[in-house]
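As structure tokens, the structure follows; a few thoughts come after it.
The values are calculated or read from the model by the stated rules, or taken from the named source; none is laboratory data. Since the structure is predicted, the reported quantities are computational estimates derived from the model, not experimental observations. Positions of Cβ are generated from backbone atoms using ideal geometry, with glycine treated the same way; all protein chains shown enter the neighbour counts.
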Amino acid sequence: MLKDALLFLARQGSIRKFVSSNPAARRVARRFVAGEELDEAMQVAHTLNKQHISVSLDHLGENVSDAAEAQAAAHVYITILERIAAEQAEANISVKLTALGLDIAEDLCRDNLRFVLRRAADMGIFVRVDMEGSAYTQRTLDFVLQLRCEFDNVGTVLQSMLRRSPKDVEALITSKTRVRLVKGAYLESSAIAYPKKSDVDAAYVTLMHELLERGVYPAIATHDEQIIAEARRFTEQRGIGRARFEFQMLYGIRRDLQEVLAREGYNVRVYVPYGTQWYPYLTRRLAERPANLIFIASNLLRR
Ligand code: FDA
């Protein structure tokens, strides 16, 4: 119930405005967001790189309704790519199609994504297309599969909560497209998504086995210790080398686990979001773990 309410709040523009300008809320956001400026995100990237952890940089923003804003978002990603290359950071980028204009026009969004992919390809940098709510699943997969014919450096995300994902995983494996596997962070109806967490977790493990065995460099993106243990067990038992996959986690969540896995020689990548549009991202992180509200409350009480 609380989770649903938080995910509902993530979509409310008026609440977003109010919270985004609140200093205490900004303090809370800093636990999950590297900062509002690219300089801050690059600093975080270099610190993580020193610990042998690579990163995926995300410029926060989604559901833009203005073509100029979508083009500006694509240009921000070009700046990020240039900084990654110039500073030789161990980093790639994560983009959201609704930040590149998917809500406005498919052609606009495709042109923006192609522009980013081309520059990234020139620099040898991989681009991950994040997966948003189910209204975008089919279009995201169509875009990625289409552009996959032109580019080697594009991959996407599948959500184990969606009942359709076993079929999608096959299409992505067949097209040799890199997949980041997640549980899913959006509010979905039980008609298309598993309402029970135990079913989402079980589906995750099944999809993970398929990707580890037959996929191209899958990203096991979770903080779930049991699933991480199962990935370790499965890969060791099947002789799947550590170079053939990576673990991914979110900035600010389970840093201890990130460091342990990296020290043990696993490839670990942390998703590092930055920017001023942090409100929907923050509410999704709260919905995943309502206990985080205690962290918020303690920050609100601080001056
Ligand atoms: P689960 O929710 O079961 O949590 C397992 C444990 O992790 C918890 O017990 C707790 O210890 C810790 N934990 C998890 N979330 C936490 C939080 N917010 N705060 C504090 N502790 C927390 N989703 C999506 O729909 N589209 C996408 O593109 C992406 N991209 C993405 C990239 C990366 C790198 C990651 C790790 C995750 C995503 N996600 C995502 C989010 C994903 O769908 C999911 O909501 C979160 O990863 C939380 O689920 P877990 O797998 O961690 O399991």
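Just a yes or no: is a residue in region 225-246 buried (at least 21 other Cβ atoms within 10 Å of the Cβ), within 12 Å of the ligand (Cβ to nearest atom) and under 18 Å from the mean Cα position of the chain (by Cα)? No, every residue in region 225-246 fails to be buried (at least 21 other Cβ atoms within 10 Å of the Cβ), within 12 Å of the ligand (Cβ to nearest atom) and under 18 Å from the mean Cα position of the chain (by Cα).
Yes or no: region 75-86 includes at least one residue that is basic (Lys, Arg) and either at pLDDT 95 or above or touching a Ser or Thr at 6+ places or on another chain (Cβ under 9 Å) (or both).
Residues of region 75-86 basic (Lys, Arg): 83.
Those still in the list that are either at pLDDT 95 or above or touching a Ser or Thr at 6+ places or on another chain (Cβ under 9 Å) (or both) too: 83.
Within region 75-86, one or more residues are basic (Lys, Arg) and either at pLDDT 95 or above or touching a Ser or Thr at 6+ places or on another chain (Cβ under 9 Å) (or both).
Please determine whether any residue of region 247-261 is part of a strand (DSSP E or B), touching a His at 6+ places or on another chain (Cβ under 7 Å) and among the aliphatic types (A, V, I, L, M). Yes. Taking into account only those residues within region 84-94 that are of a type outside the set (Asp, Glu), over 15 Å from Asp122 (Cβ atoms) and more than 16 Å from the ligand (Cβ to nearest atom), which is surrounded by the fewest Cβ atoms within 10 Å (Cβ to Cβ)? It comes out as Gln88.
Filter region 111-154 for residues that are in a helix (DSSP H, G or I) and within 13 Å of the ligand (Cβ to nearest atom) and give the result. Before you say what the answer is, go through the steps one by one.
Looking only at region 111-154, we keep the residues that are in a helix (DSSP H, G or I), and these are 111-122, 134-148.
Matches in region 111-154: Ser134, Ala135, Tyr136, Thr137, Thr140, Leu141, Val144.
Filtering region 169-181 for residues that are within 13 Å of the ligand (Cβ to nearest atom), touching a residue at least 60 places away in the same chain (Cβ under 8 Å) and surrounded by 13 or more Cβ atoms within 10 Å (Cβ to Cβ) leaves a non-empty set. Ile104 fulfils the conditions (1) in a loop (DSSP other than H, G, I, E, B); (2) surrounded by 19 or more Cβ atoms within 10 Å (Cβ to Cβ); (3) at negative phi except for a single criterion, (2). When each of Ser160, Ser54, Ser134 is tested for being surrounded by 23 or more Cβ atoms within 10 Å (Cβ to Cβ) and modelled with pLDDT of 95 or more, the lone residue that passes is Ser160.
This table checks each residue for (1) charged (D, E, K, R); (2) closer than 15 Å to Arg269 by Cβ; (3) free of Cβ contacts under 8 Å to residues at least 40 places away in the same chain; (4) within 14 Å of the ligand (Cβ to nearest atom).
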position: Val19; (1), (2), (3), (4): no, no, no, no
position: Asn22; (1), (2), (3), (4): no, no, yes, no
position: Arg27; (1), (2), (3), (4): yes, no, no, no
position: Arg31; (1), (2), (3), (4): yes, no, no, yes
position: Glu37; (1), (2), (3), (4): yes, no, no, no
position: Glu40; (1), (2), (3), (4): yes, no, no, no
position: Thr47; (1), (2), (3), (4): no, yes, yes, no
position: Lys50; (1), (2), (3), (4): yes, yes, yes, no
position: Ser54; (1), (2), (3), (4): no, yes, no, yes
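Does Ile220 count as surrounded by fewer than 21 Cβ atoms within 10 Å (Cβ to Cβ) and modelled with pLDDT of 95 or more? No.
Screening Ile227 on (1) assigned to a loop (DSSP other than H, G, I, E, B); (2) farther than 18 Å from Gly155 by Cβ; (3) in contact with a strand residue (DSSP E or B) (Cβ under 8 Å, 6 or more places away or on another chain) shows it passes everything except condition (1).
Would you call Gln43 part of a helix (DSSP H, G or I) and more than 22 Å from Val179 (Cα to Cα)? Let's see the steps before the verdict.
Details: part of a helix (DSSP H, G or I): yes; more than 22 Å from Val179 (Cα to Cα): yes.
When the stated conditions are applied, Gln43 passes them.
Among what's in region 247-282 and is more than 24 Å from Ile80 (Cβ to Cβ) and more than 10 Å from the ligand (Cβ to nearest atom), pick the residue that is surrounded by the fewest Cβ atoms within 10 Å (Cβ to Cβ). Per the stated criteria, the residue is Asp256.
Would you pick out the residues in region 189-215 that are over 18 Å from the mean Cα position of the chain (by Cα) and away from the ligand (no atom under 14 Å from the Cβ)? Scanning region 189-215 gives Ser189, Ser190, Ala191, Pro195, Thr206, His209, Glu210, Leu212, Glu213, Arg214, Gly215.
If the requirement is being assigned to a helix (DSSP H, G or I) and in contact with a His (Cβ under 9 Å, 6 or more places away or on another chain), which of these qualifies: Ile84, Ile80? Result: Ile80 is the single residue among Ile84, Ile80 that is assigned to a helix (DSSP H, G or I) and in contact with a His (Cβ under 9 Å, 6 or more places away or on another chain).
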